[in-house]
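**Student:** Sharing a structure below in structure tokens format, with a few things to ask.
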Amino acid sequence: MRVKCSKCGGKAAITSRKEITSQVTELYCMCRNPACCHSFVATLNFSRTLGPSALDAAVGGHRGQAGPQV
């Protein structure tokens with residue numbers, strides 16, 4: 001993952017991170033441009049699923065699938 005500095009547009013390094021929730025993480029960053037050295041916090045969050053996880057099938061099948069009839 002690449003993070004750009006919002007001040008100079010240079011590359012920034014992620015120095016640490018803090019998980020806020022299972023879907024939101026704060027990234028503590030520092031610009032690698034020695035003339036800038038801007039430090040900042042960026043937020044990384046889960047947006048949406050593009051395809052189902054293979055783990056979904058392992059925990060009871062796909063949603064909407066009928067179970068076995070007795």
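The values are calculated or read from the model by the stated rules, or taken from the named source; none is laboratory data. Everything numeric here is computed off the predicted structure, so don't read it as measured data. Using ideal geometry, Cβ is built from the backbone for each residue, glycine included, and neighbour counts are taken over all protein chains shown. When the accessible area is computed, the model is the full protein with side chains, heavy atoms only, and any ligands, DNA or RNA have been set aside. Shrake-Rupley method; radii C 1.70, N 1.55, O 1.52, S 1.80 Å.
**Student:** How many of the residues in region 1-19 are loosely packed, with under 14 Cβ neighbours inside 10 Å, part of a loop (DSSP other than H, G, I, E, B) and over 15 Å from the mean Cα position of the chain (by Cα)? Before you say what the answer is, go through the steps one by one.
**Tutor:** Going residue by residue through region 1-19, those that are loosely packed, with under 14 Cβ neighbours inside 10 Å are 1-2, 4, 6-7, 9, 11, 13, 15-16, 18-19.
Filter again for part of a loop (DSSP other than H, G, I, E, B), leaving 1-2, 6-7, 9.
After this cut, where a residue has to be over 15 Å from the mean Cα position of the chain (by Cα) as well, the list is 6-7, 9.
Total satisfying the criteria: 3.
**Student:** Ok, one more. Can we say residue 63 is touching a Lys or Arg at 6+ places or on another chain (Cβ under 9 Å), open to solvent by 90 Å² or more (accessible area, probe 1.4 Å) and at pLDDT below 95? If you could, list the steps in order and put the result at the bottom.
**Tutor:** Values: touching a Lys or Arg at 6+ places or on another chain (Cβ under 9 Å): no; open to solvent by 90 Å² or more (accessible area, probe 1.4 Å): yes; at pLDDT below 95: yes.
No; evaluated as a whole, the condition is false for this residue.
**Student:** Right, next: How many of the residues in region 20-40 are open to solvent by 70 Å² or more (accessible area, probe 1.4 Å) and charged (D, E, K, R)?
**Tutor:** So the answer is 1.
**Student:** Right, residue 43: β-branched (Val, Ile, Thr), surrounded by fewer than 10 Cβ atoms within 10 Å (Cβ to Cβ) and at pLDDT 90 or above or not?
**Tutor:** Values: β-branched (Val, Ile, Thr): yes; surrounded by fewer than 10 Cβ atoms within 10 Å (Cβ to Cβ): yes; at pLDDT 90 or above: yes.
Yes; evaluated as a whole, the condition is true for this residue.
**Student:** Follow-up. Considering only residues of region 23-43 that are in contact (Cβ under 8 Å) with a residue 12 or more places away in the chain and outside any strand (DSSP E or B), which is farthest from the chain's Cα centre (by Cα)?
**Tutor:** 35
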